[in-house]
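A.B. asks: Quick one: structure below, then a few questions.
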Amino acid sequence: MSQSAPQEGQLVARSEAREPLNSSDRDSRKVCCSRCPLCTPCCMIVTGLLLLAALIATIVALANHGGGSKEPDAPLHCSMDNCAEVYLPEEAKSCTEAMCRKCEDDYDQHSDACIYRCSADQRTSGCSPLGCSADGTCSSCVPGFTVRKANASLRGLSSACTKAAEPVKMNFLMYRAQNDDNYSPGNTVLASPAGVMWYLHNEVVGSCAGGSRRFGITRVLRYNVTVHNPPAVFAKIRGQFGHFVDFQWGQCKNPDCDRWWQEFGYAVGCQNQYSYHYKDATFYSLPGSCPSKDLSSKSDSCNLLQPGGFCSHPDGTGNCTWSAELAGNVSVDELSGIQD
């Protein structure tokens with residue numbers, strides 16, 4: 001079909017109205033608009049935005065790194081109270097990660113701190129192992145002793161503890177090495193931390209017959225124990241604890257047990273175990289119900305006639321001398337570092 005000539009006022013196509021581009025203009029436009037084929041101004045705007053984004057990224061990077069090349073971190077120099085040798089992990093960022101490898105003389109390591117080692121005079125005066133100070137005073141005492149008032153005025157004295165002059169209620173932690181079974185600590189022997197470690201080393205870990213430890217011991221239990229022994233104990237012994245008795249399978253094995261129960265009530269007893277390595281090893285006997293019979297022979301009638309000393313709130317009466325609440329446990333494997 002033939003095409004008629006354009007009428008007056010009709011627009012002419014752009015391709016027919018423009019002068020052809022020379023070769024240099026075509027190349028320039030091709031490069032500039034390779035990402036934006038619409039027009040040259042659009043291409044310039046996009047390019048400007050990209051340059052601005054790059055500039056902002058560079059400024060942020062410099063701000064985060066303090067500008068320019070970062071100086072290497074200065075080596076950490078950490079110290080710890082009463083610590084002779086501080087260990088800092090290779091990747092440590094601050095001194096809060098430091099640990100003490102060796103304490104100064106007269107200090108022992110306890111958890112993450114170096115604690116002053118009690119002198120013989122402080123120990124016999126009733127200071128607790130973690131409560132001794134280098135000036136001879138104490139911040140805490142062993143059960144049956146109380147802290148004297150106005151410690152500052154006691155500088156130069158051997159201790160800031162004094163022995164209680166009457167029966168008192170005592171609250172402290174006791175420990176027991178046990179198998180996986182769960183049962184009451186009544187008619188058993190518990191111990192101080194040093195005492196339970198002495199027991200593990202001397203009675204348990206030395207034997208592994210049949211692939212298990214002696215008595216099937218797998219863990220150490222911790223108890224929060226309250227003790228309030230009857231006045232008859234203090235009147236006779238002039239101390240807070242009664243006679244220590246040995247329990248085997250829930251039965252008191254001392255021949256004087258019945259007589260002691262009648263004379264002193266079901267008093268909690270204690271016994272110090274001398275050990276060069278465990279100087280504070282102490283054992284405690286907690287009489288429960290029917291202590292005269294072993295586990296297989298106990299009965300309701302025996303429990304009624306021999307109620308033992310366990311109760312919710314010890315008050316120093318003959319059959320209300322102690323309470324115990326489980327306060328955590330740790331496996332012997334974890335304690336010894338054995339993983340298989």
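The values are calculated or read from the model by the stated rules, or taken from the named source; none is laboratory data. What you see is a predicted model; the values in this text were computed from it and never measured. FYI the Cβ positions are ideal-geometry reconstructions off the backbone, even for glycines, and counts take in every protein chain you see. Accessible surface areas use protein heavy atoms only, side chains included; no ligands, DNA or RNA. Shrake-Rupley method; radii C 1.70, N 1.55, O 1.52, S 1.80 Å.
A.B. asks: Out of 242, 186, I need the residue that is closer than 28 Å to residue 298 by Cβ and touching a Cys at 6+ places or on another chain (Cβ under 9 Å). Which one?
C.D. replies: None of the other options fit; the residue is 242.
A.B. asks: On to the next question. Any idea which of (1) open to solvent by 60 Å² or more (accessible area, probe 1.4 Å); (2) closer than 24 Å to residue 235 by Cα; (3) without any contact (Cβ under 8 Å) to a residue 24 or more places away in the chain; (4) not small (Gly, Ala, Ser) is the one residue 319 doesn't satisfy?
C.D. replies: Looking at each condition in turn, residue 319 falls short on (3).
So that you can scan it fast, the table gives a plain yes or no per residue for (1) within 19 Å of residue 192 (Cβ to Cβ); (2) modelled with pLDDT under 85; (3) among the aromatic types (Phe, Trp, Tyr):
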position: 67; (1), (2), (3): no, yes, no
position: 76; (1), (2), (3): no, yes, no
position: 85; (1), (2), (3): no, no, no
position: 143; (1), (2), (3): yes, no, no
position: 152; (1), (2), (3): no, yes, no
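A.B. asks: Quick one: would you say residue 214 is in contact with a helix residue (DSSP H, G or I) (Cβ under 6 Å, 6 or more places away or on another chain) and open to solvent by 40 Å² or more (accessible area, probe 1.4 Å)?
C.D. replies: Against the criterion (in contact with a helix residue (DSSP H, G or I) (Cβ under 6 Å, 6 or more places away or on another chain) and open to solvent by 40 Å² or more (accessible area, probe 1.4 Å)), residue 214 qualifies.
A.B. asks: Taking interchain pairs and intrachain pairs at least six residues apart, which have beta carbon atoms under 8 angstrom, with the first residue in the range 225-250 and surrounded by fewer than 16 Cβ atoms within 10 Å (Cβ to Cβ) and the second among the aliphatic types (A, V, I, L, M)?
C.D. replies: What qualifies is 239/233; 246/189; 249/295.
A.B. asks: When residue 264 is evaluated against the numbered criteria (1) in contact with a strand residue (DSSP E or B) (Cβ under 6 Å, 6 or more places away or on another chain); (2) open to solvent by 80 Å² or more (accessible area, probe 1.4 Å); (3) farther than 19 Å from residue 145 by Cβ, which criterion, by number, is the only one it fails?
C.D. replies: (2)
A.B. asks: Still on this model: Can you name the residue in the range 295-304 that is among the hydrophobic types (A, V, I, L, M, F, W, C) and under 20 Å from residue 285 (Cα atoms) and is also modelled with the lowest pLDDT among such residues?
C.D. replies: Applying the filter and picking the extreme gives 295.
A.B. asks: Further question on the same structure: Looking only at the range 274-287, count how many residues are buried (at least 17 other Cβ atoms within 10 Å of the Cβ) and under 18 Å from residue 177 (Cβ atoms).
C.D. replies: Matching residues across the range 274-287 total 8.
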